[in-house]
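Beneath this line is the structure, given in structure tokens, with notes to follow.
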Amino acid sequence: MQPSKCFLLFALVLALAGGATSAPLGAQDQTASGVQKPTPAQAPVAPTGNAQKGQQLFTSYGCYQCHGREGQGSTATGPRLAPRPLPFAALTRYVRQPSGQMPPYTSRVVPDTDLADIYAFLQSRPQPPAVDSIPLLKQ
Ligand code: HEC
């Protein structure tokens, strides 16, 4: 696909998802016009979730089947989600209205409070070690 078409498709997906208003992703649209507007300081509300409960939910809702038990992802089934998931608003939007292979989860199936717990779980996963700290990679 040509890059310009790809961008249009992406913009359309964002618009359909209602993303233009609150999306951190949507903020990048401004650069297309050449005008650099400062990103509004509306950090997505950091939900206060329970990471332990989130781990159970990540399993019981079946997220782990595609994204791995640690949210580590797999090239075959689903992308990495942890330890730095998308901003909460974007993550929620994607789970509710995915645009690719992933099945949608409505708020009736997975309430926002459960997503907040899952989010806390994803964020609680350990960071990978710095590349510099792995001797084998320095040779
Ligand atoms: C059947 C496999 C499958 C299941 C189950 C699944 N996902 Fe996904 N998920 C995917 C795939 C594949 C993608 C990549 C985009 C696409 O094709 O939709 C994705 C993308 C995502 C993304 C966007 C990641 C990014 O960086 O853009 C999030 C967030 C996400 N999934 C969260 C979840 C959560 C939370 C659950 C459980 C409630 C879940 N997924 C269950 C397959 C799955």
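Each reported figure results from applying straightforward, stated rules to the coordinates on display, with no laboratory input. Nothing here was measured: the structure is a model prediction, and the numbers come from that model. Note: ideal-geometry Cβ built from the backbone for every residue, glycine included; neighbour counts use all protein chains shown.
If we count other beta carbons within 10 Å of each Cβ, what is the order of K138, K53, fewest first?
Values: K138 8, K53 16.
Lowest to highest Cβ neighbour count: K138, K53.
Output the peptides 110-122, 92-104 sorted from most to least packed, where packing is the average of other Cβ atoms within 10 Å over each peptide's residues.
On the way: 110-122: 21.0, 92-104: 14.8.
Ranked from most to least packed, the peptides come out as 110-122, 92-104.
How large is ³J(HN,Hα), in whole Hz, for each residue of region 124-139 in order, when computed from phi with the Karplus curve 6.51 cos²θ - 1.76 cosθ + 1.60 and θ = phi - 60°, using x for Gly and Pro?
3J(HN,Hα) across region 124-139, in whole Hz: 7, 5, x, 6, x, x, 5, 4, 4, 8, 10, x, 4, 7, 8, 6.
When the expected Rg is taken as 2.2 N^0.38 Å, what fraction or multiple of it is the alpha-carbon Rg of region 51-124? Please list the in-between numbers first.
Details: Rg = 10.9 Å, N = 74, 2.2 N^0.38 = 11.3 Å.
Compactness ratio reported: 0.97.
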